[in-house]
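Chemist: Got a structure for you, questions after.
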Amino acid sequence: MSFFEELKRRNVIRVGMLYLVGSWLLLQATDVLSSILPVPAWTGSLVFLLLAIGFVPVLVFAWVFELTPDGIKREQDVPREASVTAVTAHRLNMTIAILLVLAIASVGLNRFLPRAEREATAPVTEAPDAKSNDARVSIAVLPFMDLSAEEDQRYFTDGISEELLNVLVRVDGLRVASRTSSFGYRGSTLNVPTIAKELGVGYVLEGSVRKDGYRIRITAQLIEAETDEHLWSANFDRDLKDIFTIQDEIANSIVDSLVDKLGVEKVAKMVNVVPATENLDAYQLYLQARDLFQRRDRLDKSIELYEQAIKMDPGFARAWEGLAAAEGIYTDWHGEDGTDHAAKAFAAANRAIELDPGLSMPYAVMGLGDTFGWTESNLIEARKNFDNAINNDPKNSTAWLWRGMMWRKLGIFDEAEKDFQQCLEIDPDYLNCRQHLASIYLAQGDEERAIQEFEVTLRANFHSIDEDFIPLYVRRGERMVALLIASGRTEFNSHAPVDEYIKALENPDSDHADAIAHFERWAQATGLDYDLLDPSILVAFKQYEKLDPEHTSSGFMWSRNAFEYRQTPFFKNYVRDAGILEFWQKYGFPAQCQPVGNDDFRCN
C-alpha cells in the first residue's frame with residue numbers, strides 16, 4: 001500500500017480538510033464578534049496563529065491514533081480486521097459536507113443574497129433624470145470612528161478617511177462628496193439615508209479604526225443609501241506597515257461593488273495606492289500635521305510636525321507639499337511673527353515638485369505667492385503654476401480658488417467667476433470660494449446676487465473679504481449691518497474706532513483728518529502699523545499714497561468705492577509694479593480697462 005493510500009485509510013486527509021473548514025468558520029465568527037466586542041485589534045491574528053500552529057499536530061495525531069468503539073487507541077495497537085476507519089471516514093465526510101454548506105451559506109448571505117433580493121424586488125420605474133442618475137454613482141466618505149482605547153487617534157482615523165476620499169476622487173465616473181461636506185456629519189445622529197440625501201449621494205462609506213501601537217483594525221462598510229443595505233463590508237487586522245495596502249483593498253472593493261453602476265468594464269485592479277513613505281513614524285506625524293492644517297488650528301504646530309516628518313524621511317514628497325501649504329497660509333491666519341514664511345513656502349514647494357512633479361498643491365502655493373508678491377510678483381508665472389496645479393489634480397478646489405483670486409486681482413471677472421463656481425462644484429461648503437464668488441458678482445454690478453451669496457457665508461460666521469461688502473451695506477442704508485460686519489473683522493479689537501470708518505464711507509467728500517488721527521492713535525496703542533491696515537480703510541480716507549503694493553489685497557481696487565483711486569497715479573503705479581499691465585499686454589485687457597498707446601491704460 002502506497003503512502004498516499006495509507007494517509008487516506010487513516011483519514012489523515014479528511015481530518016486535515018475538516019480542520020481547515022472548521023478553522024475558516026471559526027475565523028469568521030471571531031471576525032464578527034471582535035467587531036462588536038471591546039477586544040484588542042490583534043485578537044483575530046492570535047486565533048489565526050493558534051490555528052496554524054495546531055494544524056500539523058492534528059495531522060500527526062490522526063496518523064498515530066485511531067478512534068475506536070473502545071476509545072482512542074494507537075493505530076499500531078488496532079488489528080487491521082478490527083479497524084473502523086471506514087465508518088469514521090463516512091462520519092468525517094458528513095461533517096465536512098455540513099461545514100462546507102455552512103461556509104457557502106455564510107458567503108452567500110453576506111455577499112450575494114442582499115444584492116439578489118434587491119434586484120428581484122426592485123420596482124420597475126421610469127429612467128432616472130440626469131440629477132438622480134448622478135446620485136446613483138456618487139459617494140460620501142464619512143469620518144471613521146476612533147475606537148482606540150484612549151480615543152486619541154482622531155488625526156489617524158480622519159487621515160484614513162481622507163486618504164480613501166482622495167483615492168476615490170480619481171475614479172472616472174464616480175462623484176465624491178467633498179471632505180468639508182462629509183466631515184460635517186462627524187458625530188451626527190442622522191441615519192445614513194438622511195445623510196446621503198442631504199449630501200446628494202447614492203452611497204456612503206463609513207467605518208472605524210482601532211489602533212493599538214503598530215497594530216490596526218479597520219472596519220469599513222459600503223452602504224446603498226436608497227435601501228440602507230450593505231453592498232460590501234470587511235475587517236482588516238494588520239500591522240501599520242500595511243496601511244497603504246489596506247487603503248488599496250478598500251478602494252478597489254468599493255469600485256468593484258459599484259462597477260456596473262459606474263458603466264465601466266470590470267478589470268482586475270482599478271485603483272492603485274502608492275505608498276507615500278516607508279517610514280511609518282513619519283506618516284503618522286504627517287497625518288497629525290495635516291489634521292491641524294485642515295482645521296486651521298495651530299498652524300505653527302502643523303509646520304513643526306511636517307518638519308519632523310521630513311527629518312525622518314527627507315524624500316517624503318507629500319510632507320514637503322503639506323509644509324508648503326501651511327507656510328503659505330500662515331501669515332494670513334496668524335499674522336506676522338518675524339519669520340519669512342513666504343520664502344519657506346516657496347522652498348518647500350520647489351522641493352516637493354523635485355520629488356514628485358505630479359503633485360498639485362506645491363504648484364498652487366507657488367502660484368499664490370506669484371499672485372500676491374511673496375517674491376518678485378510675476379502673474380504670468382502665477383497663471384502657469386495654477387494651470388499646472390489644476391492639470392495635475394482637477395479636483396483640487398483650493399487651486400481653483402487661488403486661481404480665481406488671481407483673475408480677480410487682474411480684474412478679469414468672467415474667468416474668476418468660472419473658477420469660483422468650479423471650486424463650489426467640487427466643494428459646495430467651501431465658504432471662502434462662495435465669498436469670493438459674491439465679490440465677483442458685486443464687482444460686476446449684480447448686487448442682489450452678491451448679497452445672496454455673501455449672506456450665506458455670514459450666517460456661517462465666516463469672514464474672509466467682508467471689506468468688499470461694508471460699503472455696499474452703507475449705500476443701502478443698512479448702517480448697523482455695516483458697523484457690525486466691520487467690528488467683527490479680526491484686525492479690530494473692542495476699542496477700534498470702526499464708526500469713523502463707516503462715517504467716511506457715508507460722507508466721502510468730508511474732511512477725514514480727525515478720523516485718521518483717531519485711527520492712528522488706536523493703531524499705536526494696539527501695536528499695529530497704521531499703514532498696513534486693510535486697503536479699504538485707507539481708500540475710504542483717500543490716503544492713496546499709503547497703499548503698499550506688497551500689502552494690497554486683490555479685489556478692493558475694483559470695487560465701486562475705489563473708483564476715484566483708479567483714476568490716480570497711485571493705481572497706475574501699482575498696476576505696473578504688480579505685473580498686472582504686463583499680463584494684460586500679453587493676454588488682453590479686462591472689459592473695464594483699455595490700453596492707451598504702447599505703455600499706458602485707463603480703467604473705468
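Chemist: For the structure I just gave you, tell me whether Asp531 is acidic (Asp, Glu), at pLDDT below 85 and within 37 Å of the chain's Cα centre (by Cα).
Modeler: Working: acidic (Asp, Glu): yes; at pLDDT below 85: yes; within 37 Å of the chain's Cα centre (by Cα): no.
No.
Chemist: Mind checking which residues of region 457-474 are in a helix (DSSP H, G or I), touching a residue at least 24 places away in the same chain (Cβ under 8 Å) and farther than 18 Å from Arg408 by Cβ?
Modeler: Those that are in a helix (DSSP H, G or I), touching a residue at least 24 places away in the same chain (Cβ under 8 Å) and farther than 18 Å from Arg408 by Cβ: Leu458, Val474.
Chemist: Contact list please: Cβ distance under 6 Å, first residue in region 504-530 and surrounded by fewer than 16 Cβ atoms within 10 Å (Cβ to Cβ), second residue of a type in the set (A, V, I, L, M), pairs at least six apart or on different chains.
Modeler: The qualifying pairs are Glu506/Val474.
Chemist: Answer yes or no: is there a residue in region 504-513 that is over 16 Å from Leu538 (Cβ atoms), part of a helix (DSSP H, G or I) and at pLDDT below 90.
Modeler: No, because not a single residue in region 504-513 is over 16 Å from Leu538 (Cβ atoms), part of a helix (DSSP H, G or I) and at pLDDT below 90.
Chemist: Here is a follow-up. Please name all residue pairs, on different chains or six or more residues apart, with Cβ atoms under 9 Å, provided the first residue is in region 150-178 and is in the same structural domain as Leu222 (by TED's automatic domain parsing) and on the phi > 0 side of the Ramachandran plot and the second residue is aliphatic (A, V, I, L, M) and modelled with pLDDT under 85.
Modeler: Gly173/Val137; Gly173/Leu258; Gly173/Leu262; Gly173/Val264
Chemist: Can you tell me how many residues in region 171-220 are touching a helix residue (DSSP H, G or I) at 6+ places or on another chain (Cβ under 7 Å), assigned to a helix (DSSP H, G or I) and of a type in the set (A, V, I, L, M)?
Modeler: 1
Chemist: Can you pull out the residues in region 335-355 that are surrounded by fewer than 17 Cβ atoms within 10 Å (Cβ to Cβ) and either charged (D, E, K, R) or over 23 Å from the mean Cα position of the chain (by Cα) (or both)?
Modeler: Matches in region 335-355: Gly335, Glu336, Asp337, Gly338, Thr339, Asp340, Ala343, Ala347, Glu354.
Yes/no matrix, rows are residues, columns are (1) basic (Lys, Arg); (2) under 16 Å from the mean Cα position of the chain (by Cα):
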{"residue": "Leu287", "(1), (2)": "no, yes"}
{"residue": "Arg290", "(1), (2)": "yes, yes"}
{"residue": "Gln294", "(1), (2)": "no, yes"}
{"residue": "Lys301", "(1), (2)": "yes, no"}
{"residue": "Tyr306", "(1), (2)": "no, no"}
{"residue": "Ala319", "(1), (2)": "no, yes"}
{"residue": "Ala325", "(1), (2)": "no, yes"}
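Chemist: Report, by residue number, each residue of region 266-309 that is at pLDDT below 90 and either basic (Lys, Arg) or assigned by TED's automatic domain parsing to the domain that holds Arg179 (or both).
Modeler: Lys266, Lys269, Arg290, Arg295, Arg296, Arg298
Chemist: If you don't mind, there's one more thing I want to ask. Does any residue of region 316-323 turn out to be farther than 27 Å from Lys241 by Cα and either of a type in the set (A, V, I, L, M, F, W, C) or assigned to a helix (DSSP H, G or I) (or both)? Give the derivation first.
Modeler: Let us first name the residues in region 316-323 that are farther than 27 Å from Lys241 by Cα, namely none.
Within region 316-323, none of the residues are farther than 27 Å from Lys241 by Cα and either of a type in the set (A, V, I, L, M, F, W, C) or assigned to a helix (DSSP H, G or I) (or both).
Chemist: So how many residues does region 426-452 have that are modelled with pLDDT of 90 or more and of a type in the set (Val, Ile, Thr)?
Modeler: Of the residues in that region, 2 qualify.
Chemist: Conditions: (1) surrounded by fewer than 22 Cβ atoms within 10 Å (Cβ to Cβ); (2) over 19 Å from Ala399 (Cα atoms). Glu381 meets all but one. Number of the miss?
Modeler: Here Glu381 meets the rest and fails (2).
Chemist: Could you list all residues from region 355-396 that are in a loop (DSSP other than H, G, I, E, B), touching an Asp or Glu at 6+ places or on another chain (Cβ under 6 Å) and under 14 Å from Ala325 (Cα atoms)?
Modeler: Of all residues in region 355-396, those in a loop (DSSP other than H, G, I, E, B) come to 356-360, 372-378, 393-396.
Next cut, touching an Asp or Glu at 6+ places or on another chain (Cβ under 6 Å) only: 359-360, 373, 378.
Across region 355-396, the qualifying residues are Leu359, Ser360.
Chemist: As an exercise: evaluate Ala225 against (1) at pLDDT 80 or above; (2) among the hydrophobic types (A, V, I, L, M, F, W, C); (3) surrounded by fewer than 21 Cβ atoms within 10 Å (Cβ to Cβ) and give the number of the one condition it does not meet.
Modeler: (3)
Chemist: Of (1) within 16 Å of the chain's Cα centre (by Cα); (2) at pLDDT below 85; (3) more than 20 Å from Gln294 (Cβ to Cβ), Val204 satisfies all except one. Which?
Modeler: Condition (2) is where Val204 drops out.
Chemist: Could you grab the pairs with beta carbons closer than 8 Å, sequence gap of 6+ or different chains, first residue in region 330-342 and over 20 Å from Arg489 (Cβ atoms), second one part of a loop (DSSP other than H, G, I, E, B)?
Modeler: Cβ pairs passing all conditions: Ala342/Trp374; Ala342/Thr375.
Chemist: Out of (1) at pLDDT below 70; (2) of a type in the set (S, T, N, Q); (3) farther than 30 Å from Ile216 by Cβ, the odd one out for Asn93 is which?
Modeler: (1)
Chemist: Let me ask something else about it. Which of the residues belonging to region 576-590 are under 15 Å from Trp407 (Cβ atoms) and surrounded by 12 or more Cβ atoms within 10 Å (Cβ to Cβ)?
Modeler: Going residue by residue through region 576-590, those that are under 15 Å from Trp407 (Cβ atoms) are 578-580, 583-584, 586-590.
If the condition is that a residue be under 15 Å from Trp407 (Cβ atoms) and surrounded by 12 or more Cβ atoms within 10 Å (Cβ to Cβ), then Ala578, Gly579, Ile580, Phe583, Trp584, Tyr587, Phe589, Pro590 are the ones that fit.
Each row is one residue, and each column tells you yes or no for (1) touching a Phe, Trp or Tyr at 6+ places or on another chain (Cβ under 8 Å); (2) buried (at least 20 other Cβ atoms within 10 Å of the Cβ); (3) not β-branched (Val, Ile, Thr).
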| position | (1), (2), (3) |
| --- | --- |
| Leu142 | yes, yes, yes |
| Glu150 | no, no, yes |
| Gln153 | no, yes, yes |
| Ile160 | yes, yes, no |
| Ser182 | no, yes, yes |
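Chemist: Right, next: Hey, could you check region 433-453 for residues that are of a type in the set (S, T, N, Q) and surrounded by 20 or more Cβ atoms within 10 Å (Cβ to Cβ) and say which is nearest to the chain's Cα centre (by Cα)? Walk me through how you get there before you give the answer.
Modeler: At the first step, the residues of region 433-453 found to be of a type in the set (S, T, N, Q) are 435, 439, 444, 452.
Retained after the next criterion (residues that are surrounded by 20 or more Cβ atoms within 10 Å (Cβ to Cβ)): 435, 439.
Numbers: Gln435: 21, Ser439: 26 Å.
The residue in question is Gln435.
Chemist: Every residue in region 419-451 that is without any contact (Cβ under 8 Å) to a residue 12 or more places away in the chain and either of a type in the set (Val, Ile, Thr) or assigned to a helix (DSSP H, G or I) (or both), please.
Modeler: Answer for region 419-451, where residues must be without any contact (Cβ under 8 Å) to a residue 12 or more places away in the chain and either of a type in the set (Val, Ile, Thr) or assigned to a helix (DSSP H, G or I) (or both): Glu425, Glu448, Arg449.
Chemist: In region 497-527, what residues are out of contact with any Ser or Thr (no Cβ under 7 Å at 6 or more places or on another chain), among the aliphatic types (A, V, I, L, M) and within 21 Å of Leu484 (Cβ to Cβ)? Quick ask: steps written out before the conclusion?
Modeler: Taking region 497-527 as the starting set, the residues that turn out to be out of contact with any Ser or Thr (no Cβ under 7 Å at 6 or more places or on another chain) are 497, 499-527.
Subset that is among the aliphatic types (A, V, I, L, M): 502, 504-505, 513, 515-517, 523, 525.
Those that are out of contact with any Ser or Thr (no Cβ under 7 Å at 6 or more places or on another chain), among the aliphatic types (A, V, I, L, M) and within 21 Å of Leu484 (Cβ to Cβ): Ile502, Ala504, Leu505, Ala515.
Chemist: Taking the condition of being under 21 Å from Arg179 (Cβ atoms), assigned to a loop (DSSP other than H, G, I, E, B) and of a type in the set (Asp, Glu), how many residues in region 291-315 meet it?
Modeler: Residues meeting the conditions: 1.
The values are calculated or read from the model by the stated rules, or taken from the named source; none is laboratory data. Note that the structure is predicted; figures quoted are calculated from it, not measured. Backbone-built Cβ (ideal geometry, glycine too); neighbour counts: all protein chains shown.
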